[in-house]
Structures are given as C-alpha cells and as structure tokens.
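K.L.:
The structure follows.
Laboratory data are not the source of any read-out in this text; all were calculated from the coordinates shown. Note that the structure is predicted; figures quoted are calculated from it, not measured. Every residue, glycine among them, receives a Cβ derived from its backbone with ideal geometry; neighbour counts consider all protein chains shown.
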Amino acid sequence: METLNRELLQAWLELQCSMVAGVTCAAVLIGSRPAAVWPKDSSVPASITAAAQRAVLERSEVIDSMAMAVGAAVGQPSDVVSFPVMVDGRLIAVVSFEMSARSQAKQRAALQVLTWGIAWLELLARDWAGSAAGRLGIVVETIARAVAHDTCKAAAIAVVNELARQLNCERVTIGFRDGQDMQVTAMPNTASLEERANLVRAVAAAMNEAVDQDKLVVLPAADNDQGVLVRAHEQLRAQFGADAICTMPFSHNGEVLGALTFERSRKRPFDTQTLALAETVAAVVGPILQIKRVVHQPGLVKLRNALAQAAGEAHRARAPQPEERRCRRRRPGAVSGLCQRGFPHRCRGEAGRHGATRGGGTLRRLHLGGSGPRR
C-alpha cells in the first residue's frame, strides 16, 4: 500500500482482531498479496481470498457463511467478512476477517466495531498521503496510547496527556455524550478539588457549545467563523486564563460521540496544521475510546440503555414523517433522554434544539460477543 507502511497495517490489524471475540484469522490484501496477516506470519486461507475478491468487485462490504478454515474449530460454521478500503474513491486495499458464526445481533455488533476500524484506517491512509511523516507519527503514537489500556478512563487519560505534550497544550480534555449533555472523562489534575470542579463544569459547557452546533469552535475566532457561537469558550478563557481554546467534536456515521478540548496559554493560537492534526486524532481516537467505554459499562447502565433502545424501536414503529427521521439521525431527544437519564426533570425539554429521539443509535447498538451495550 503506497499510503501506509506494513508495520502500521500489522498493528492496526492486530488491534481489530483483539476488539472482536471469535476472530480466527484476518488479512489486509493489496492486490492479491497480503500486506498484513493475523495471526502474524500465518498463511491466508482461500476463504479470506475469495471474500476479498468479491469485496473488490462489488466495492462494498461482503459477508459469507462457510466452514471455518483454520484453528481448533476447523470445519465449524464461520462468517467471513471483507471490506474494501477506499481513499478519495480509489481502492487501495481490502481487509477480510474470519470469525466464529454468531447470531445476527452479535454479527451486527462485530461489524460495527470493524466498520469503525476500517473508517480510521482510511483516515490514516489519507493522512499519510497528504502530510508529513511527523504528523502521522503523532496520530499513530496517540492511537498506541489509546489501545495500550483496557479501560476507557485509563486510555483517555493517556491520550490527553500525550496530546498535551505533542501539541504544546497546557491542558487537553476529552468528554463523551451522556444523554443530552457532555460528561468530562479525562483531564490533567488541577491544583485543588474546588478548582477542578469549576474547571470540569466550564469545559463541559464549552464541549456542549461545540457539540450542539456540531462545529469546530476556536478561540481566537477566525474572521470566517462569525456564525459560530463561542460564549462558553469565552467564559472558559476568562475563568482559567487560556489564550487559545479549540474544541473538536468527533462522531461516527453522523452521530456525535464526544469532543476534545485543547487549551494553550502564552498567546499561541492554533494554526491550520494543528487544527487539521487535531481533527484527525479526534476522528480516529474518539471511536476507539468509545468502544472501550461501551465494553466496560456497569450493569445498571446496560439496563438503562436497553430500555432506551426498546423505547426507540417502539417510537420508530409509529412511521415518523421524513422531517422526524432527519432530526433523529442527528440528536437524541425526549424519549431517549428520559430512558437514559431516568429522571424527567433532568432532561432538557428543547425539542427544537435536539429533535426527535435517536432510538437505537450507535451508542446503544454495540453488543460485543453478547456483553450488551455499555457506556
């Protein structure tokens, strides 16, 4: 692959196989030749090659059911799934996974995880082709920090510390959407508990401001950002002294998952290159942390999310109008909020702000090997 080296492809493939239970073999193919295989140094079975060829011809995801070709369960039912890897409309590789057969619900959950992985592989390939190696090195190093830890909390702390060091920031904070509000997940320690509590509230408000607009928010604001609301960012700057602030929402399939907030002092504004790098990091690392967040949720949160999903499915059964469907794709709303929060008075009642319920959205749809959705 001219846009990615083999070491990076191997590391990416091993990460994908570790995220989905029951994967027995996998390969990244460029043309007919393997650029990376899992387990490492193993041969590529014919089932992987055949599915890859179909994905190349159809330029879309392909799923085949067949007997397992490798491992202790040879001959047992298996699913082989292949994805084309596309950059700017150009096929650069195809990725295939063989995994144990499973129910449709668990298969969809596995496909969701793998689809996320394909999306950030394409992003890495594009970034490798269009930027200096040093910039991609920061992205790869941040990914390594994210995947080196089992829990979302530990991984998020490692990510914000790495980004603060690499991007010369006084503070980097990551948060995830919790119902209709942002919840700060990781930020560097501050001098006192009182200062930390106030800072968490101020950063969460800035994240909400960016996520609600679904836009990058930067201070000092550029001349062409006159339509972007920055009040919460101005308050954050006034309270805690950052000269430059940038909040970058990250999403998947049009659904906002969370945001990264970067703060600098000493009058060092964010230039275009740094913003582009932050966007790449957010787009790649955000979903990785979200997967870890889902996998390590407590049982009560799983139950709450299951209720939210059931409520969303019942709501969808009422055949909403097209305008409702457009709203649901973008924001969680009243029904989802009630189920997620559990207390009606805690939900924001601004229907025009968030639209209809999202129902069975990505965050509640991810089941890994029967573990159930977790936050």
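K.L.:
Peptides 77-87, 233-243: what's the order by average Cβ count within 10 Å, highest mean first? Show your work: numbers first, answer last.
P.N.:
Working: 77-87: 21.8, 233-243: 17.2.
Peptide ranking by packing, descending: 77-87, 233-243.
K.L.:
Any lysines with Cα under 16 Å of the LYS153 Cα? List them, leaving off those in the same chain fewer than 8 positions away.
P.N.:
Qualifying lysines at Cα under 16 Å: LYS292.
K.L.:
Set the Förster radius R0 to 51 Å, insert the Cβ-Cβ distance between ARG6 and GLN235 as r into 1/(1 + (r/R0)^6), and round the FRET efficiency to 0.05. Before the final figure, lay out the partial values.
P.N.:
On the way: r = 48 Å, r/R0 = 0.94.
Given R0 = 51 Å and the Cβ-Cβ separation, E is 0.60.
K.L.:
If the viscosity is 1.002 mPa s and the temperature 20 °C, what translational diffusion coefficient in µm²/s does Stokes-Einstein give for the range 6-130 when Rh comes from Kirkwood over Cα pairs? Walk me through the numbers on the way to the answer.
P.N.:
Values: Rh = 14.3 Å.
It diffuses with D of about 149 µm²/s by this estimate.
K.L.:
To the nearest 0.05, how large is the calculated FRET efficiency for GLU61 and ARG268 if R₀ is 41 Å and r is the Cβ-Cβ distance? Please report the intermediate quantities before stating the final value.
P.N.:
On the way: r = 43 Å, r/R0 = 1.06.
Computed FRET efficiency for GLU61 and ARG268: 0.40.
K.L.:
Still on this structure: Per-residue HN-Hα couplings for the range 245-255, Karplus 6.51 cos²θ - 1.76 cosθ + 1.60 at θ = phi - 60°, whole Hz, x for Gly and Pro?
P.N.:
Per-residue couplings from phi come out as 9, 9, 10, 10, x, 10, 8, 8, 6, x, 9 Hz.
K.L.:
Scan around ALA36 for amide H atoms under 5 Å from its own, H built in the peptide plane at 1.01 Å from N, and keep only partners 5 or more places away or cross-chain.
P.N.:
Residues meeting the amide H criterion: VAL28.
K.L.:
Over the range 133-295, what is the relative contact order in whole percent, taking alpha-carbon pairs under 8 Å and six or more residues apart? Write down the numbers at each step before the final one.
P.N.:
On the way: 266 pairs, mean separation 40.2, N = 163.
It comes to 25 percent, rounded to a whole number.
K.L.:
Okay, next question. What's the extension gain from ALA144 to ASP41 if we count 0.36 nm per residue and subtract their Cα-Cα distance? Present the calculation step by step, with values, prior to reporting the outcome.
P.N.:
Working: separation 103, 0.36 × 103 = 37.08 nm, distance 2.17 nm.
That pair, ALA144 and ASP41, stretches by 34.9 nm at full extension.
K.L.:
Non-local amide H neighbours of VAL85 (under 5 Å, H modeled in plane, Pro and chain starts lacking H): which ones?
P.N.:
The answer is ILE92, ALA93, VAL94, VAL95.
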